[in-house]
């Protein structure tokens, strides 16, 4: 199959698939960031059941095999009376897994803040919430830019699990297997998807480096 | 560090914390009760869904799957190590063309999902007449995607060796190759051992798509169990827990080794957790 044939037959589907991958990536990443922030706050707060819950959450979701989680949501949850559509399953899975890594990034961001700063804030009489909002989170966010860029790429790659459920429209990985079952596609359909993934990852990396250069705290 | 965020609580705060503890405990307990109740209402505690976990044959079958998982993970891990070092050498080469080529290779394998590569080995390569057993259709793509990440991990290790050592070795008359082999690599590898171990978690997770190429790993064998006993929820639940425990153990090992050697685990955020 030549490139021209490929695009004339499947060009529209590639556009849709790329859009689906990007959409799931963005939604999952935003969701994961919000959840990661909440989990991180739970992990640093003085209330010990919340702390332990946060730690437990991270251990569970960063160690579970992502595919097994997706399969549970898609195939097992209907038995419990909970039915989500394919895209929701993919996004929820990605959010849950990515949030555990995101929380780890935030934690190591927090760890780079000097204890002296926190002590200074406390001796100024700032409350726990004030310390978090005004001292910790702004700095933790800044030093988490590079790890979070990597996480965004990881989130994009994780949405490839969408190929394991009947997603409509398909995303980039599912489309390759679809094209190969419809016709003898050879290496080309694969190469197009791979380049779209790797190219996007490259651009995300460039953007992340640029942002990091602007906001990084020099210590 | 996270304990430094608040003062030793006074009586007022202690009361607040106590209230918070009680409320959050109740909330967590309520969620647990709701989940259990839901499972109960849907009849998921029915003995027919669970009795076979009391049989040795069930566990033997799952363990066979686990052996398959381990086989793929270890083989892929070893290949990825070798390729990772090779890619890293290419990347740090003084020759700009070579280092540029390897930069592209590394970023390519880091930038595509392992599932896509598995489909490539499963669908595309056979169409060119190359026959390959399922084991390799799974192991090779996993090693390739892991090797891109490992190359960067190794590079971080090489960069962590102080520059003065290389200069000292060169001025002693050692050749570049010898410096790399005898001075830099031994230390660099020591630095990155914990990170390498924690990358094994990624490889183990990647193996769980083995059913795509119908290789009998843990998840694939679980699917067979499900069709035999018609009990989807309980089996997937148990399998997910097995994965969590294995990866947790690997992770703990990495953290412990890092503590022993006084190094840091290079962040796991770079992994693509398929």
Hey, any hits in the range A:39-51 for a residue that's at pLDDT 90 or above and away from every other protein chain (no Cβ under 12 Å)?
yes
Between B:72, B:35, B:19, which is out of contact with any strand residue (DSSP E or B) (no Cβ under 9 Å at 6 or more places or on another chain), within 14 Å of another protein chain (Cβ to nearest Cβ), part of a helix (DSSP H, G or I) and surrounded by 15 or more Cβ atoms within 10 Å (Cβ to Cβ)?
B:72
Considering only the range A:140-165, how many residues are at pLDDT below 90 and farther than 19 Å from residue A:61 by Cβ?
6
Within the range A:170-178, identify whether any single residue is assigned to a loop (DSSP other than H, G, I, E, B), touching a helix residue (DSSP H, G or I) at 6+ places or on another chain (Cβ under 6 Å) and more than 27 Å from residue A:111 (Cβ to Cβ), and answer yes or no.
yes
State all residues of the range A:205-216 that are in a helix (DSSP H, G or I), more than 9 Å from chain B (Cβ to nearest Cβ) and touching a residue at least 24 places away in the same chain (Cβ under 8 Å); if no residue qualifies, say none.
A:207, A:208, A:209, A:211, A:212, A:215
Criterion first (modelled with pLDDT under 85, assigned to a helix (DSSP H, G or I) and at the interface with chain A (Cβ under 9 Å from one of its Cβ atoms)) does residue B:258 satisfy it?
no
Considering only residues of the range B:122-144 that are assigned to a helix (DSSP H, G or I), within 11 Å of another protein chain (Cβ to nearest Cβ) and without any contact (Cβ under 8 Å) to a residue 24 or more places away in the chain, which is surrounded by the most Cβ atoms within 10 Å (Cβ to Cβ)?
B:123
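Rundown of residues vs (1) touching a residue at least 40 places away in the same chain (Cβ under 8 Å); (2) under 21 Å from residue A:73 (Cβ atoms), yes/no style:
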| residue | (1), (2) |
| --- | --- |
| B:209 | yes, yes |
| B:212 | yes, yes |
| B:223 | no, yes |
| B:260 | no, no |
For residue B:11, work out the one condition from (1) within 11 Å of chain A (Cβ to nearest Cβ); (2) more than 30 Å from the chain's Cα centre (by Cα); (3) surrounded by fewer than 15 Cβ atoms within 10 Å (Cβ to Cβ) it doesn't fulfil.
(1)
Do we have any residue at all in the range A:179-189 that's within 12 Å of chain B (Cβ to nearest Cβ) and modelled with pLDDT of 90 or more?
no
Looking at (1) outside any helix (DSSP H, G or I); (2) farther than 24 Å from residue B:151 by Cβ, which one does residue B:65 not meet, given that it meets all the others?
(1)
Lone qualifier among A:174, A:116 - being surrounded by fewer than 18 Cβ atoms within 10 Å (Cβ to Cβ) and within 10 Å of another protein chain (Cβ to nearest Cβ)
A:116
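A quick yes/no check of all residues on (1) crowded, with 19+ Cβ neighbours inside 10 Å; (2) within 12 Å of chain A (Cβ to nearest Cβ); (3) touching a strand residue (DSSP E or B) at 6+ places or on another chain (Cβ under 6 Å); (4) at pLDDT 85 or above:
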site: B:211; (1), (2), (3), (4): yes, yes, no, yes
site: B:214; (1), (2), (3), (4): no, no, no, yes
site: B:234; (1), (2), (3), (4): yes, yes, no, yes
site: B:243; (1), (2), (3), (4): yes, yes, no, yes
site: B:249; (1), (2), (3), (4): no, yes, no, yes
Does residue B:60 satisfy the condition of being assigned to a helix (DSSP H, G or I) and either within 11 Å of chain A (Cβ to nearest Cβ) or in contact with a helix residue (DSSP H, G or I) (Cβ under 6 Å, 6 or more places away or on another chain) (or both)?
no
Specify the residue that is surrounded by the most Cβ atoms within 10 Å (Cβ to Cβ); the eligible residues are those in the range A:52-105 that are more than 20 Å from the chain's Cα centre (by Cα) and more than 7 Å from chain B (Cβ to nearest Cβ).
A:77
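The values are calculated or read from the model by the stated rules, or taken from the named source; none is laboratory data. Given the structure is predicted, the values throughout are model-derived calculations rather than measurements. Virtual Cβ from ideal backbone geometry, glycine too; neighbours counted across all protein chains shown.
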